[in-house]
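Below is one structure, written out as structure tokens, with a few remarks after it.
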Amino acid sequence: PQAPISLSPPRWPVECEVIQETIEHIEWVPPEPEPFCPPMGPEQALSTPGEEQGTVVYHSSPALQGSCFIRARVGGAPGPLSSPAAPLEGPQDTTLLFESRFESGNLQKAIKVGPYEYVLMLRPDLYTAKHTQWFYFRVQNTRQEPLYRFTIANMAKPKSLYGQGLQPLLYSQRDAQSRGVGWRRVGTDVRYYRGSAGEPLMFQLSWTMRFPHDGDTCFFAACYPYTYSDLRRYLCALAADPARSRYCAVQALCRSLAGNTVYLLTITGPGGTAGKRAVVASARAHPGESGGSWAMRGFLDFLLSAHADARLLRRLFIFKVVPMLNPDGVVVGNSRCSLAGRDPNRAYGMALPGSFPGVWHLRAMVQRVLAEREVVLYCDFHGHSRKNNVFMYGCDAGGDGSGTRLRQRVFPLMLSKNAPDKFSFSSCKFQVQKSKEGTGRVSMWRLGVSHSYTLEVAFSGCTLGGRSSHFSVEDLKSLGRLLCDTLLDFCDPAPAKLQQCLVEVDALLQQQMGREPGSGGSWSDVSPSELESSTSGSDSSVSDG
């Protein structure tokens, strides 16, 4: 049965205050790719004034009643809102007015330490003391002339792409209304460095910039926001479209802890499901990885289009898609956790439908599908904060024959051929580490999905094919279409492409092992860890506990 898609505001924990205004942004693609900014070395740390030298001009902290989630309501905390921003003293007061109490917003505190300099503190994931990475907040009362400096003083990760050319995003409401310009990269002198000694150790992200207008309303974000309401608006348009709704059923997979619907889309062409294999895709286990939602948007746009390849895919497969696994985390502006205060992408091994409903019901759904048909592919869409480009993690435990192990690498190799300017095959990893047993990728593989992957999309952009520039929303959406192209290549009944890729992967692995290509050594005796260097793996936080 189709689930009615409600457009009522989402449900929030009762301790969260939420402003009434609806925040929406236009979609825009810059005419030219936005280049990375020249990186500033980490050794050039700034001496940032501390809180004691400044004035707190914004402080919004949920009155957390206890250390765990208790209940939720539409619109969050009842009663009148508090005023976390210091009032302006008159028209000559140039203090910025900060606000973050809206969907996906995250900023806990702003301290004014100079006429145009602010130190910012992010709010940790609700009911935890860590995972500060995602930011998204509004500023008003801007001035065009001065150079501002912003420093986020409590970033959690020791390494970040901000030290390598990534810039924050700015959205000017005036530019959106008058010129149709949306999110764009800003910031000169962008630095990422270790904060002053303290427990736990924090890192600082600092940038300078000028605002485009006086008296504008602007937003800053870590990545292009994609909220739960954005998803619901998309699903509403889908349900209202007589063509697309014919082959796409929207159901409730389950409800989240706060009572927000976790949606499940079933997409397939007319003519029954007998003999069709299945493909399963999911996104947004981690709320701070909004690029995953834009790639998922492109995947759905293409799959539901009138394109001949899309029609062929719907004829061949049944697609089961969960576009937002962790809606609560997305609503409250978390980086990594759900309202259980834990990382849902480490919880697949736990039989806990009460604590992690999204992942529990996704796994149960895949088990039901596997009982009646083969699942060709599982793909979980994520974002990565420390490595450029797009890449995949797969599953090679080393116990299978060399043929199976080579096949694991074929899908990512094909994707790198379809997206040579975005996808890096050399960044892909296939080890199954003990710490990753609770992930969607490893869990689905253990259930019997032979090709199970995490798709990692950099928060930054691309360094391939002569490019050195940020991803636009269009780049991210194109990944979804390219994934569809690759699925057709991978399942092509004519074996030529597959055979060619198997030969290539074999040669690449031989090369990695320092063997002569074509020397015919067997892979079955080489462990996956020997095939891979020990460079950084998944984007799990150093402080994951």
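Here are some notes:
- Some residue of the range 125-139 being among the aromatic types (Phe, Trp, Tyr), farther than 18 Å from residue 169 by Cα and open to solvent by less than 40 Å² (accessible area, probe 1.4 Å): yes
- Residue match in the range 96-118 (condition: open to solvent by 40 Å² or more (accessible area, probe 1.4 Å), of a type in the set (Asp, Glu) and farther than 18 Å from residue 328 by Cα): yes
- From the list 454, 463, the lone residue that is under 19 Å from the mean Cα position of the chain (by Cα) and of a type in the set (S, T, N, Q) is 454.
- When 257, 253 are screened for being of a type in the set (A, V, I, L, M) and out of contact with any His (no Cβ under 7 Å at 6 or more places or on another chain), only 257 passes.
- The residues of the range 371-383 that are hydrophobic (A, V, I, L, M, F, W, C) and either within 18 Å of the chain's Cα centre (by Cα) or open to solvent by 10 Å² or more (accessible area, probe 1.4 Å) (or both), listed by number, are 371, 379, 381.
- Flag if residue 185 is open to solvent by less than 40 Å² (accessible area, probe 1.4 Å) and touching a His at 6+ places or on another chain (Cβ under 7 Å): yes
- Selection status of residue 201, open to solvent by 20 Å² or more (accessible area, probe 1.4 Å) and in the same structural domain as residue 156 (by the TED database): yes
- Within the range 413-445, tally of residues that are at pLDDT below 95 and out of contact with any strand residue (DSSP E or B) (no Cβ under 9 Å at 6 or more places or on another chain): 6
- In this structure, residue 476 does satisfy being in contact (Cβ under 8 Å) with a residue 12 or more places away in the chain and under 20 Å from the mean Cα position of the chain (by Cα).
- Members of the range 144-200 that are β-branched (Val, Ile, Thr) and in contact (Cβ under 8 Å) with a residue 24 or more places away in the chain: 151, 152, 181, 188, 190
- Matching residues, the range 149-178, being polar (S, T, N, Q), open to solvent by 10 Å² or more (accessible area, probe 1.4 Å) and not in a helix (DSSP H, G or I): 154, 160, 167
- Selected residue (only one of 178, 104, 172 is among the hydroxyl-bearing types (Ser, Thr, Tyr) and touching a helix residue (DSSP H, G or I) at 6+ places or on another chain (Cβ under 8 Å)): 104
- Filter result for residue 278 (closer than 22 Å to residue 295 by Cβ, at pLDDT 95 or above, surrounded by 22 or more Cβ atoms within 10 Å (Cβ to Cβ) and more than 22 Å from the chain's Cα centre (by Cα)): yes
- Of 426, 402, 435, all but one fail to be open to solvent by 10 Å² or more (accessible area, probe 1.4 Å), free of Cβ contacts under 8 Å to residues at least 60 places away in the same chain and either not aromatic (Phe, Trp, Tyr) or not assigned by the TED database to the domain that holds residue 296 (or both); the exception is 426.
- In the range 421-514, counting only helices (runs of 4 or more DSSP H) that sit wholly within it, the ones holding 3 or more residues that are closer than 29 Å to residue 221 by Cβ span 473-490.
- Flag for residue 144 being assigned by the TED database to the domain that holds residue 207, polar (S, T, N, Q) and out of contact with any strand residue (DSSP E or B) (no Cβ under 9 Å at 6 or more places or on another chain): yes
- Some residue of the range 212-224 being assigned to a loop (DSSP other than H, G, I, E, B), more than 17 Å from residue 300 (Cβ to Cβ) and aromatic (Phe, Trp, Tyr): no
- Residue satisfying condition, being surrounded by fewer than 23 Cβ atoms within 10 Å (Cβ to Cβ), farther than 30 Å from residue 259 by Cβ, free of Cβ contacts under 8 Å to residues at least 40 places away in the same chain and in the same structural domain as residue 297 (by the TED database), within set 368, 386, 446: 446
- Within the range 232-265, the set of residues being open to solvent by 10 Å² or more (accessible area, probe 1.4 Å), over 30 Å from residue 341 (Cα atoms) and assigned to a strand (DSSP E or B) comprises 249 only.
The values are calculated or read from the model by the stated rules, or taken from the named source; none is laboratory data. The structure displayed is predicted, hence computed values, not measured ones. All Cβ positions, even for glycine, are placed from backbone atoms using ideal geometry, and neighbour counts span all protein chains on display. Surface accessibility is based on the protein's heavy atoms, side chains included, excluding ligands, DNA and RNA. Shrake-Rupley method; radii C 1.70, N 1.55, O 1.52, S 1.80 Å.
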